[in-house]
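S.K.: My structure is below; once you've seen it, I'll send some questions.
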Amino acid sequence: MGTKLTVDALLGELQSRHPMLIDLSLDRIRRLLDKLGNPHLSLPSVIHIAGTNGKGSTLALLLAMLQAAGHRVHAYTSPHLIRFNERIQLAGDANRTAPIHDDHLADVLARVDATNDGEPMTFFEITTAAAFLAFAEVPADYTLLEVGLGGRLDATNVIDKPRLNIITPVSIDHADKLGDTIGQIAFEKAGILKPATTAVIAAQSEDALASIHQTAERVGARLVQHGVDYDSFEERGRLIFQNEERLLDLPLPNLVGQNQITNAGTAIAAYLELKGNAPATNATEEGPIEAGLSQADWPARFSRLAGTELNTWVSDDMELWLDGGHNPAAGVVLARTLADLDERAAKDTYLIVGMMNQKDIKGFLEPFAGLIRAMRTIAIPDEQNSATPEELAEVANGLSIPATTSTDLRAALAELNELKSGAKRVLICGSLYLAGHVLELAGSKLFEPGQK
């Protein structure tokens with residue numbers, strides 16, 4: 001049996017024995033980690049990241065800056081797009097971070113599973129413990145740790161002394177588990193704040209800020225807040241960052257969209273906080289920041305698909321874009337980004353949408369009303385909880401968005417390709433699970449595992 005089959009079989013077995021059901025508590029994973037020798041207490045300096053939107057992009061930008069400064073960096077993210085290995089990324093040769101190799105992943109998963117010895121544990125808890133084991137055993141300078149869900153009771157929140165916390169913009173999502181108001185959700189996100197630590201706080205609504213401040217005051221955490229302690233904005237095609245100490249005139253981030261200005265500002269503020277006690281390097285202060293902005297890559301966040309297998313399915317004048325956004329705040333950002341693109345290069349714009357059925361479909365689609373010419377709806381392959389194409393089309397048509405169903409992605413692209421001639425722009429969106437399926441069809445090699 002090959003290595004790939006071994007790790008895939010192990011992951012499948014773990015999923016069957018430890019379901020994907022979410023259990024928001026910390027007692028079980030603390031007990032498991034204790035049996036494993038508490039690897040989470042030996043992680044390289046932890047930057048713990050919570051928020052609703054922008055966590056992954058902010059992590060990718062900060063990762064690129066730290067690497068450009070000569071640091072070795074681990075990263076933990078979820079969900080994955082194509083293969084599970086993407087979730088656990090380890091520092092490797094030449095300061096490059098890469099997904100964990102199959103052999104290494106199988107090893108840490110098997111050790112955690114044996115130590116757990118059949119005790120009740122969710123799949124996310126088991127795999128988070130495996131990530132901590134891998135991170136503790138591979139030398140690095142920093143660990144970028146993204147919250148799975150919420151923050152306060154997320155399995156990653158066993159880190160008692162993070163080097164830095166980050167809270168990206170908070171909006172409504174997972175309301176059934178985190179609360180149905182911004183304040184309640186921000187309370188859960190702010191649960192990662194710890195005594196005598198610093199947290200960089202991205203642009204937030206008033207309700208979110210009030211909740212974050214309450215928690216910070218209660219635990220004694222210092223806040224570095226957007227709009228108070230730092231600011232970032234676009235001016236004449238450049239990114240301007242300023243705080244009390246400096247004014248930086250920088251290139252725009254490699255990641256597309258106005259929301260990436262916010263994410264870049266958060267990452268810069270975090271990098272500058274870390275720089276205060278970071279190991280000395282030969283790089284200048286601005287150099288790693290500029291390099292990070294230019295080199296950061298985060299697939300399926302308004303990513304242009306060009307030269308892929310999917311592009312061979314359509315005419316050369318059809319632009320293909322991909323984004324995993326799936327909540328109302330993401331819908332607003334995507335609609336704004338499409339409008340910005342249309343101002344620069346006007347093209348008929350279309351959507352292909354697939355979503356999970358527990359998401360706020362109407363809230364996500366509303367911002368696109370009046371902006372796009374037509375929409376095709378599809379089911380997300382191999383996802384039991386996918387919304388049906390009929391359900392999605394009904395909601396869209398109710399918003400006066402012309403929508404019809406398609407059997408799959410290839411059919412949707414063919415149908416849009418056959419519409420009126422001329423240049424077209426197509427955004428495929430609505431789910432990270434759909435985005436992973438699209439990247440696989442596109443023949444993506446973005447996630448090549450590193451070596452053990």
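S.K.: Rolling a 1.4 Å sphere over the protein heavy atoms, what is the accessible area per residue of the chain, to the nearest Å²?
M.R.: Solvent-accessible surface per residue comes out at 42 Å².
S.K.: Can you give me the Cα centroid spacing of the stretch 176-229 and the stretch 384-407 in angstrom?
M.R.: Between the Cα centre of the stretch 176-229 and that of the stretch 384-407, the gap is 36 Å.
S.K.: Please report the equivalent ellipsoid semi-axes of the stretch 265-373, computed as sqrt(5 x eigenvalue) of the Cα gyration tensor, largest first, in whole Å.
M.R.: 34, 19, 14
S.K.: Give me Rg over Rh for the stretch 1-145, both radii from the alpha carbons and Rh done the Kirkwood way, two decimal places.
M.R.: Dividing the radius of gyration by the Kirkwood radius yields 0.95.
S.K.: Tell me, what does the Kirkwood hydrodynamic radius of the chain come to in angstroms if you use every pair of distinct C-alpha atoms?
M.R.: Kirkwood hydrodynamic radius for the chain: 22.6 Å.
S.K.: With each label point set 7 Å from Cα along the Cα-Cβ vector, what nm distance links D103 and K161?
M.R.: The answer from the label model is 3.5 nm.
S.K.: Residue-wise, which Karplus ³J(HN,Hα) couplings in Hz belong to the stretch 146-151, taking 6.51 cos²θ - 1.76 cosθ + 1.60, θ = phi - 60°, and x for glycine or proline?
M.R.: These are the phi-based 3J(HN,Hα) values: 8, 4, x, 8, x, x Hz.
S.K.: Can you find, among F124, S171, A203, the residue sitting farthest towards the positive end of the charge dipole of the stretch 112-232, where Lys and Arg contribute +1 and Asp and Glu -1 at Cβ?
M.R.: A203
S.K.: Right, here's the next one. Near the amide H of G151, under 5 Å away, which other amide H atoms are found, from residues 5 or more places off or on another chain, if H is placed in the peptide plane?
M.R.: Result for G151 returns nothing.
S.K.: For the stretch 127-140, take each phi angle, set θ = phi - 60°, evaluate the Karplus expression 6.51 cos²θ - 1.76 cosθ + 1.60, and give the result in whole Hz per residue in order, putting x for glycine and proline.
M.R.: 6, 5, 4, 5, 4, 4, 4, 5, 5, 5, 9, 10, x, 7
S.K.: Have a look at T181, W313, N263 and report the one farthest towards the positive end of the charge dipole of the chain, computed about the Cα centre with Cβ charges (Lys/Arg +1, Asp/Glu -1).
M.R.: N263
S.K.: Accessible area of the chain with a 1.4 Å probe: how many percent of it is carbon plus sulfur?
M.R.: 47
S.K.: Work through the residues other than E234 whose Cβ is under 15 Å from its Cβ and net out their charges, Lys, Arg +1 and Asp, Glu -1.
M.R.: Every neighbour counted, the sum reads -1.
S.K.: Long-range amide H contacts for A199: which residues qualify at under 5 Å (H placed 1.01 Å from N, peptide plane, sequence gap of 5 or more or a different chain)?
M.R.: N165, R222, L223, V224
S.K.: I'd like to know which of G54, L351, L33 lies farthest towards the positive end of the charge dipole of the chain, counting +1 on Cβ of Lys and Arg and -1 on Cβ of Asp and Glu.
M.R.: So the residue furthest toward the plus end is L33.
S.K.: Starting from the 7 Å offset along Cα-to-Cβ, what nm value, one decimal, do you get for the label separation of A369 and S16?
M.R.: The answer from the label model is 4.7 nm.
S.K.: Can you work out the Karplus-derived ³J(HN,Hα) for every residue in the stretch 301-308? Use 6.51 cos²θ - 1.76 cosθ + 1.60 with θ = phi - 60°, whole Hz, and x for glycine or proline.
M.R.: Rounded to whole hertz, the list is 10, 6, 9, 7, 9, 9, x, 9.
S.K.: Same structure again: For S386, enumerate residues with amide H under 5 Å from its amide H, sequence gap 5+ or separate chain, H modeled in the peptide plane.
M.R.: HN-HN under 5 Å from S386: N357.
S.K.: Given the convex hull of the Cα atoms of the stretch 136-295, what is a quarter of its surface area in nm²?
M.R.: Value for the stretch 136-295: 10.4 nm².
S.K.: How high is the FRET efficiency between S400 and R336 when r is their beta carbon distance and R₀ equals 25 Å, given to the nearest 0.05? Don't skip to the end; give the middle numbers.
M.R.: Values: r = 19 Å, r/R0 = 0.76.
Efficiency computed from Cβ-Cβ geometry: 0.85.
S.K.: Taking the Cα-to-Cβ direction at Q358 and at T115 and moving 7 Å from each Cα, how far apart do the two end points lie in nm?
M.R.: 2.8
S.K.: Here is a follow-up. Of K347/K420; K194/K359; K189/K275, which ones are farther than 20 Å apart at the Cα?
M.R.: Cα-Cα > 20 Å for K194/K359; K189/K275; rest within.
S.K.: If you average the sequence gap of Cα pairs under 8 Å that are 6 or more apart and divide by the length of the stretch 1-157, what percent do you get for the contact order?
M.R.: Taking the mean separation of contacting Cα pairs over the length of the stretch 1-157, I get 38 percent.
S.K.: Which semi-axis lengths, in whole Å and largest first, follow from the square roots of five times the eigenvalues of the Cα gyration tensor of the stretch 341-452? List each step's numbers first, then the result.
M.R.: On the way: eigenvalues 116, 73, 36 Å².
The equivalent ellipsoid of the stretch 341-452 has semi-axes of 24, 19, 13 Å.
S.K.: Based on the alpha-carbon gyration tensor of the stretch 166-237 and its eigenvalue square roots a ≥ b ≥ c, which shape applies: rounded if a/c is under 1.5, prolate if not and a/b is larger than b/c, or oblate? Mind dumping the intermediate values first?
M.R.: On the way: a/c = 2.41, a/b = 1.22, b/c = 1.98.
Verdict is oblate for the stretch 166-237.
S.K.: May I pose another question? Just the Cα atoms of the stretch 43-106: what Rg and Dmax do they give in Å?
M.R.: In order Rg, Dmax, the Cα atoms of the stretch 43-106 give 11.9, 33 Å.
S.K.: Okay, moving on. At 1.306 mPa s and 10 °C, plugging the Kirkwood radius over alpha-carbon pairs of the stretch 202-243 into Stokes-Einstein gives what diffusion coefficient in µm²/s?
M.R.: Working: Rh = 11.7 Å.
Once the numbers are plugged in, D ends up at 136 µm²/s.
S.K.: Restrict the search to the stretch 203-250; then list the trypsin sites (Lys or Arg not before Pro) that DSSP places in a loop and that have at most 15 other Cβ atoms within 10 Å of their Cβ.
M.R.: For trypsin sites (Lys or Arg not before Pro) across the stretch 203-250 that sit outside H, G, I, E and B with at most 15 neighbouring Cβ atoms in 10 Å, the list reads R236, R246.
S.K.: Run the dipole for the stretch 301-452 about the Cα centre, Lys and Arg Cβ at +1, Asp and Glu Cβ at -1, nothing else charged, and hand back the magnitude in debye, nearest 20.
M.R.: 340
S.K.: Counting Lys and Arg as +1 and Asp and Glu as -1, each charge on the Cβ, what is the dipole of the chain about the Cα centre in debye, to the nearest 20? Don't jump to the answer; show the numbers that get you there.
M.R.: Details: 39 positive and 59 negative charges, 93 e Å.
About 440 debye.
S.K.: Tally Lys/Arg at +1 and Asp/Glu at -1 over every other residue whose Cβ is under 12 Å from the Cβ of G257; what's the total?
M.R.: Local charge sum for G257: 0.
S.K.: What does the charge dipole of the stretch 21-79 about its Cα centre add up to, to the nearest 20 debye, if the Cβ of each Lys and Arg holds +1 and the Cβ of each Asp and Glu holds -1?
M.R.: It works out to roughly 80 debye.
S.K.: Find the percent of Cα-Cα distances in the stretch 202-303 that exceed 22 Å, and round it to a whole number.
M.R.: Tail fraction, whole percent: 37.
The values are calculated or read from the model by the stated rules, or taken from the named source; none is laboratory data. Just so you know, these numbers come straight off a predicted model, no measurement behind them. All Cβ positions, even for glycine, are placed from backbone atoms using ideal geometry, and neighbour counts span all protein chains on display. When the accessible area is computed, the model is the full protein with side chains, heavy atoms only, and any ligands, DNA or RNA have been set aside. Shrake-Rupley method; radii C 1.70, N 1.55, O 1.52, S 1.80 Å.
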